[in-house]
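> Before anything else, here's the structure in question.
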Amino acid sequence: MINLILFGPPGSGKGTQASKLVEKYSLLHISTGDLFRYEMGNDTPLGKEAKSYIEKGELVPDSVTVGMLRNKVEANPDVAGYIFDGFPRTTPQAEALDELLSEKDQAVSSLIMLDVPDEELVKRLLERGKTSGRKDDADENIIRNRIEVYKSETTPVFDYYASKGKAVKVHGVGSIEEIFGRLCAEIDKL
Ligand code: ADP
């Protein structure tokens, strides 16, 4: 199995690249952001709880996020591997993911980070906000808060996998195809 973490700040292109990668490598794409938006769209109790954090650009508490992720993985056991997008976003989430995979005699194969400068991220997210209908994309202050939360809470996840020799960075500026090529080059080394 190949279990990839597609990593990077908000707006770095994880979702775009994940949809191309799943086609090429036949993996299951699990995006915690998409799962939360699905729950919010259906106004479920989980969706209502998540919404109060997401609309401020804060992280949803680990216990809620890990439980939701575990359900999704356990509902799809017979796949060639997973692409985790937007998860793990904290060190406790990374530890929970390692635990979940080890229960299946699996492990994270690699974390690949899309490296994009802050000003490019803000530009892309404001542009996406014009059509995405996402409240967290519509306001520059919320966008900047998400980038700050990424730096303080999420970048330690890169170091966590780097210490296991499993983290790589890919330049995330260029055309979608160029960036896809850089990601495939890393995956093909696994
Ligand atoms: P982006 O990567 O563009 O910020 P996502 O769709 O991945 O967007 O996530 C949107 C929001 O959902 C995040 O800002 C956060 O509030 C919440 N979220 C998604 N994944 C997680 C996670 N692993 N842990 C906590 N909150 C999360």
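The values are calculated or read from the model by the stated rules, or taken from the named source; none is laboratory data. None of the values given here were measured: they were computed from a predicted structure. Positions of Cβ are generated from backbone atoms using ideal geometry, with glycine treated the same way; all protein chains shown enter the neighbour counts.
> Working only within the stretch 60-69, note down all residues that are part of a helix (DSSP H, G or I) and within 15 Å of the chain's Cα centre (by Cα).
Asp62, Thr65, Val66, Met68, Leu69
> Here's another thing I want to ask about it. When residues of the stretch 30-65 are filtered for being surrounded by fewer than 17 Cβ atoms within 10 Å (Cβ to Cβ) and in contact with a strand residue (DSSP E or B) (Cβ under 9 Å, 6 or more places away or on another chain), how many remain?
1
> Okay, next question. So in the stretch 76-88, with the set limited to residues that are small (Gly, Ala, Ser) and more than 7 Å from the ligand (Cβ to nearest atom), which one is nearest to the chain's Cα centre (by Cα)?
It comes out as Gly81.
> Checking Leu100 against (1) within 22 Å of Glu153 (Cα to Cα); (2) in a helix (DSSP H, G or I); (3) within 12 Å of the ligand (Cβ to nearest atom); (4) free of Cβ contacts under 8 Å to residues at least 60 places away in the same chain, which test does it fail?
(3)
> Can you pull out every residue in the stretch 11-54 that is away from the ligand (no atom under 13 Å from the Cβ), of a type in the set (Lys, Arg) and touching a Phe, Trp or Tyr at 6+ places or on another chain (Cβ under 8 Å)?
Passing the criteria: only Lys20.
> Oh, and also: Filter the stretch 103-143 down to residues that are within 13 Å of the ligand (Cβ to nearest atom) and either closer than 17 Å to Gly57 by Cα or not hydrophobic (A, V, I, L, M, F, W, C) (or both), then give me how many there are.
18
> Could you please tell me which pairs satisfy a Cβ distance under 7 Å, a separation of 6+ or placement on different chains, a first residue in the stretch 61-86 that is over 15 Å from Asp34 (Cβ atoms), and a second residue that is modelled with pLDDT of 95 or more and near the ligand (Cβ under 8 Å from one of its atoms)?
Asp62/Thr90; Asp62/Gln93; Val64/Ala50; Val66/Gln93
> Which one of these is within 11 Å of the chain's Cα centre (by Cα) and either in contact (Cβ under 8 Å) with a residue 40 or more places away in the chain or buried (at least 21 other Cβ atoms within 10 Å of the Cβ) (or both): Leu4, Leu21?
Leu4
> Within the stretch 48-56, can one find any residue that is under 19 Å from Asp105 (Cβ atoms) and in a helix (DSSP H, G or I)?
Checked the stretch 48-56: no residue is under 19 Å from Asp105 (Cβ atoms) and in a helix (DSSP H, G or I).
> Right, another one. When the stretch 48-74 is examined, which residues are found to be among the polar types (S, T, N, Q) and within 23 Å of Glu148 (Cβ to Cβ)?
Residues satisfying the conditions are Ser52, Ser63, Thr65.
> Would you call Val73 under 17 Å from the mean Cα position of the chain (by Cα) and more than 9 Å from the ligand (Cβ to nearest atom)?
Here the answer is yes, as Val73 does meet what is asked.
> A further question follows. Kindly provide the set of residues from the stretch 78-97 that are within 25 Å of Ser26 (Cβ to Cβ) and not in a helix (DSSP H, G or I), ordered by number.
Hits for the stretch 78-97 are Asp78, Val79, Ala80, Gly81, Tyr82, Ile83, Phe84, Asp85, Gly86, Phe87, Pro88.
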